[in-house]
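Encoded as structure tokens, the structure appears first; notes follow it.
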Amino acid sequence: VCRELLNRGRCIAIFPEGISHDDTKLKPIKTGAARIALGALSVSSEQLLSVSSEQLAVSSQETAHRLPLTAHLPLKIMAVGLFYTSKTAFRSEVLIRYGEIFAVEKVELDENGEPPREAIRELTDKIETALRNVTLNLESAEELDAVLKAEALFSSVYKNLLFKDTLTQSFQRLQNLAEKYE
């Protein structure tokens, strides 16, 4: 169903790690997002016409009629990262970081209707790189604690001034410190 929705110009949200977690770094990225994206570009019109409107998860306004096919519509991926000031505190601040937007190139599917392994691997790697650019990645809780303390020290300069750092500025400083920590 995801392939059909994408081929009709719809958007979907995917968590490529395949798991929800609160670790200090990305988990290994699964290949599902790449498989769906590459497959969506290669779905034939015959396959799309065989999908009933009941199979498509569309809004109630759209279930009365089929969504039009958008042949040759470019498919793009955008990485989105979430940063919570406190993962366990209710109503803590959250920063949503939008990353690079990149196009997915059409590939030939194999006899089983699957994209080539190399194309899947390349797109999965590109997705992982884009996600790393919008998330904070440290090897351990100890490293995160050290980086948070360093950021608190650097940001303390602003506490006595009339302006406050934005969450984006704090995150960028944390990300910069995390890279230097390595």
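The values are calculated or read from the model by the stated rules, or taken from the named source; none is laboratory data. A quick note: this is a predicted structure, and the numbers were derived from the prediction, not measured. Methodologically, a virtual Cβ is constructed for each residue, glycine included, from the backbone with ideal geometry; neighbour enumeration extends over all protein chains shown. The protein model used for the area step is the full one, side chains on, heavy atoms only, and it has no ligands, DNA or RNA in it. Shrake-Rupley method; radii C 1.70, N 1.55, O 1.52, S 1.80 Å.
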Residues that are modelled with pLDDT of 90 or more, open to solvent by 50 Å² or more (accessible area, probe 1.4 Å) and farther than 20 Å from G39 by Cβ: does region 116-124 have at least one? no
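Among the residues in region 85-97, are any β-branched (V, I, T) and open to solvent by less than 50 Å² (accessible area, probe 1.4 Å)? Walk me through how you get there before you give the answer.
Step one: filter region 85-97 for residues β-branched (V, I, T), giving 85, 88, 94, 96.
If we keep only those that are open to solvent by less than 50 Å² (accessible area, probe 1.4 Å) too, we end up with none.
No - not one qualifying residue is present in region 85-97.
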Can you tell me which residue within region 20-44, out of those that are over 13 Å from the mean Cα position of the chain (by Cα) and assigned to a helix (DSSP H, G or I), is modelled with the lowest pLDDT? L41
So the check is Cβ under 7 Å with 6+ separation or different chains; which pairs have a first residue in region 123-143 that's free of Cβ contacts under 8 Å to residues at least 60 places away in the same chain and a second one that's of a type in the set (A, V, I, L, M, F, W, C) and open to solvent by 60 Å² or more (accessible area, probe 1.4 Å)? V134/V80
Within the group V107, V134, V147, which residue is more than 20 Å from I29 (Cβ to Cβ) and β-branched (V, I, T)? V147
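Which residue is farthest from N133 (Cα to Cα), if the candidates are limited to region 14-27 and must be in contact (Cβ under 8 Å) with a residue 24 or more places away in the chain and open to solvent by 60 Å² or more (accessible area, probe 1.4 Å)? Write out each step before concluding.
Taking region 14-27 and keeping what is in contact (Cβ under 8 Å) with a residue 24 or more places away in the chain, we get 16, 22, 24-26.
Next, only the ones that are open to solvent by 60 Å² or more (accessible area, probe 1.4 Å) stay: 22, 25.
Numbers: D22: 18, K25: 12 Å.
Of everything passing the filter in region 14-27, D22 is farthest from N133 (Cα to Cα).
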